[in-house]
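Novice: Got a structure for you, written out below as structure tokens; questions coming shortly.
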Amino acid sequence: MGFFRGFTMWVLLVSLLLRSGDGFYLPGSYPHKYQVGDTLSVKVNSLTSIETEMPFSYYSLPFCKPEEGIKDSAENLGELLMGDRIENSPYQFKMHRNVSDILLCRSGPLTPQDFNLLKKRIDEWYQVNLILDNLPAIRYTKKDDYFLRWTGYPIGIKVGDDYYVFNHLKFSVLVHKYEETNVARVMGTGDAADVIPTLDKSGSGSTGWMVVGFEVVPCSIRHDSESVKNLNIYDKFPTKIQCDPTVVSMIIKENEPIVYTYEVSFVESDIKWPSRWDAYLKMDGAKVHWFSILNSLMVIAFLAGIVLVILLRTVRRDLTRYEELDREAQAQMNEELSGWKLVVSDVFRAPSHPMLLCVMVGDGVQILGMAFGTILFAALGFMSPASRGALISGMLFFYLVLGIAAGYVAGRVWKTIKCGDHSGWVSVSWRVACFFPGIAFLILTTLNFLLWGSHSTGAIPISLFIVLLLLWFCISVPLTLAGGFLGVKAPHIEYPVRTNQIPREIPPQKYPSWLLVLGAGTLPFGTLFIELFFIMSSISRGGVYYVFGFLFIVLILLVVVCAEVSLVLTYMHLCVEDWKWWWKSFFSSGSVAIYIFLYSINYLIFDLKSLSGPVSATLYLGYSLFMVIAVMLATGTVGFISSFWFVHYLFSSVKFD
């Protein structure tokens, strides 16, 4: 797998750093030096659109094909899951050699199928994504007094009733002088390069150039197809080509060919190689991120104040008064007990469906651990966007490894609920290993059939399905069972009070308790609302979300808010003699998933108005449902664990006869 190879490279580079004290490059972000005249190969990725959720192969349209045939680049698991299909292209550059008026190819006459498909892709605003030296092609458009950045360029444009295709590309390659001063040198190209620890102590490195930028300007130019019938690829075009992006003239017509041309210029730039991704990762709205964090801190402070009042004033005051009385007074006070003290003999009564609760808590621990690990490594830069698919591969890696934590927590909670009896732990561990992955498999398989039916590159091939099933049953399931075994072998958490055989009747409530539980999710949602907006905006606009530092802070704040909300609501339920707190503590914080799903629907209706077709809307809602189930399990687990600790602490501090 590409991720495991990248992880091995990271370990090697860290060891080089510790040994020599020199700088090192993260996986997927190492420089490549080119000499003047060296060949630069442009690659193509899947066609994508902000109006649909379906990527398509570049060569599904009548574009020029390379002479040596179409070849797939090495793809890792994350790239395949993301729908990336990186292939070679006919575009060939020579380092630091400007060329213009270059013929790429003359397509055959457009068949009715190609003609209609080309018009459809133009209507859906599909973009062509090119890659040079691991950098996506970037396009700038001017709006008012500022420039907008776009990755890729549109296939064409519709003006009136006519469709125009962009058949001439003006490339600009930004290059920077190679500077080698005691760095670990990397030999090879692309993501599959090998690390060779050769250090140049003299500091006198050889000269060369590094690619630090890749820009494209698309133009639509009416070429005379007859004048190039006898020309070959890369031949000089018979006439001078003037690229004006504000004018379009290449109308596509059925049974007529399209002539494709290009030009390329190399521009020396002051951009340093480590900063070449800044144009793609430039963060907009930094003040908004900080405002979101400040808002979350205020919510946390408010809830923390309530928790302190509960713990220090209410609970401590009651306990101190109770312990200062003599036995006769205590007996009298026991008869006058009210609130949470009345449910002492029922508070640890086993909840309904205890196995399901253990399974959901175990899966929640696994998902939460995966989120922390992935976002932390991404924030530290170990999952750079230069390493395509590394983020998804990292998430899978952490999820598989943390199966042992899921099994351990589920097994120990099961043994605690059963008061030390560990029988049935195998069934619990097995269900932990199959519950959330089974839901994910069902959702993704359903969506995959839609993608298959649409001939999209986002469809997961059968071979990848087999790989995912092997990872599931050969790694995740055994680790979860091993964790469950360790969990039941660990001592269970003993309850501080005894439970009566006959359950206490819960007094009638003025309002449904579940109404308060569902409403509690608004506070955690307020913590992550702004960051959620940035994530969805980046994905829907085809951008790169890379402010993982902010996201990591928001994740920590979310965990704190979920714990505080669940703790406060659990205390409120105990005060009205409602001892059924187990599931309510889980859903009081887990209900944030409801508001995330409602926001996703709102975003679909009002912000993704142009999302075309029921298939795209179904894919969007399917992915949203998958996300909110994972969020519900993770946040619900935080609420349950914090409430269990609070209830155990509360009743272990009281001496009841």
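The values are calculated or read from the model by the stated rules, or taken from the named source; none is laboratory data. All of these numbers come straight from a predicted model, not from anything done at the bench. Counting neighbours? That spans all protein chains shown, and the Cβs are built from the backbone with ideal geometry, glycine included. Quick note on the areas: whole protein, heavy atoms, side chains included, nothing else; ligands and nucleic acids left out. Shrake-Rupley method; radii C 1.70, N 1.55, O 1.52, S 1.80 Å.
Novice: Please determine whether any residue of segment 496-511 is modelled with pLDDT under 95, assigned to a helix (DSSP H, G or I) and among the aliphatic types (A, V, I, L, M).
Specialist: Scanning segment 496-511, I find no residue that is modelled with pLDDT under 95, assigned to a helix (DSSP H, G or I) and among the aliphatic types (A, V, I, L, M), so the answer is no.
Novice: Follow-up. Any idea which of 523, 515 is open to solvent by 50 Å² or more (accessible area, probe 1.4 Å), under 31 Å from the mean Cα position of the chain (by Cα) and either in contact (Cβ under 8 Å) with a residue 60 or more places away in the chain or within 27 Å of residue 559 (Cα to Cα) (or both)?
Specialist: When all the criteria are applied, what remains is 523.
Novice: Under the condition of being under 11 Å from residue 164 (Cβ atoms) and assigned to a loop (DSSP other than H, G, I, E, B), which residue from segment 242-252 is most open to solvent (accessible area, probe 1.4 Å)?
Specialist: Going through the qualifying residues, I end up with 247.
Novice: Continuing with this model, one more query. As an exercise: evaluate residue 589 against (1) surrounded by fewer than 24 Cβ atoms within 10 Å (Cβ to Cβ); (2) in contact (Cβ under 8 Å) with a residue 40 or more places away in the chain; (3) over 24 Å from residue 507 (Cβ atoms) and give the number of the one condition it does not meet.
Specialist: Tallying (1) surrounded by fewer than 24 Cβ atoms within 10 Å (Cβ to Cβ); (2) in contact (Cβ under 8 Å) with a residue 40 or more places away in the chain; (3) over 24 Å from residue 507 (Cβ atoms), residue 589 fails exactly one: (1).
Novice: List the pairs whose first member sits in segment 43-55 and is farther than 14 Å from residue 82 by Cβ, whose second member is among the charged types (D, E, K, R) and in a strand (DSSP E or B), and whose Cβ atoms are under 7 Å apart, counting only residues at least 6 apart or on separate chains?
Specialist: Taking only residues 6 or more apart or on different chains, the pairs are 43/87; 44/87.
Novice: Restricting to segment 253-294, name every residue that is open to solvent by less than 60 Å² (accessible area, probe 1.4 Å), part of a helix (DSSP H, G or I) and either charged (D, E, K, R) or modelled with pLDDT under 80 (or both).
Specialist: Scanning segment 253-294 gives 279, 280, 281, 286, 289, 292, 293.
Novice: I would also like to ask the following. Just name the residue that is most open to solvent (accessible area, probe 1.4 Å) out of those in segment 531-548 that are at pLDDT 75 or above and over 18 Å from residue 48 (Cβ atoms).
Specialist: It comes out as 533.
Novice: Taking the condition of being in a loop (DSSP other than H, G, I, E, B) and over 11 Å from residue 124 (Cα atoms), how many residues in segment 37-52 meet it?
Specialist: Number of matching residues: 4.
Novice: For segment 405-423, state whether one or more residues are at pLDDT 90 or above and either within 23 Å of the chain's Cα centre (by Cα) or within 30 Å of residue 615 (Cβ to Cβ) (or both).
Specialist: Among the residues of segment 405-423, at least one is at pLDDT 90 or above and either within 23 Å of the chain's Cα centre (by Cα) or within 30 Å of residue 615 (Cβ to Cβ) (or both), which makes the answer yes.
Novice: While we're looking at this one, here's another question. For residue 103, only one of the following conditions fails: (1) touching a helix residue (DSSP H, G or I) at 6+ places or on another chain (Cβ under 7 Å); (2) part of a helix (DSSP H, G or I); (3) open to solvent by less than 10 Å² (accessible area, probe 1.4 Å). What is its number?
Specialist: Going through the list (1) touching a helix residue (DSSP H, G or I) at 6+ places or on another chain (Cβ under 7 Å); (2) part of a helix (DSSP H, G or I); (3) open to solvent by less than 10 Å² (accessible area, probe 1.4 Å), residue 103 breaks only (2).
Novice: Here's something else I'd like to know. Only residues in segment 85-98 that are free of Cβ contacts under 8 Å to residues at least 12 places away in the same chain count as the first member; pair them with residues that are open to solvent by less than 30 Å² (accessible area, probe 1.4 Å), Cβ under 8 angstrom, at least 6 apart or cross-chain, and list the lot.
Specialist: Matching pairs, first to second residue: none at all.
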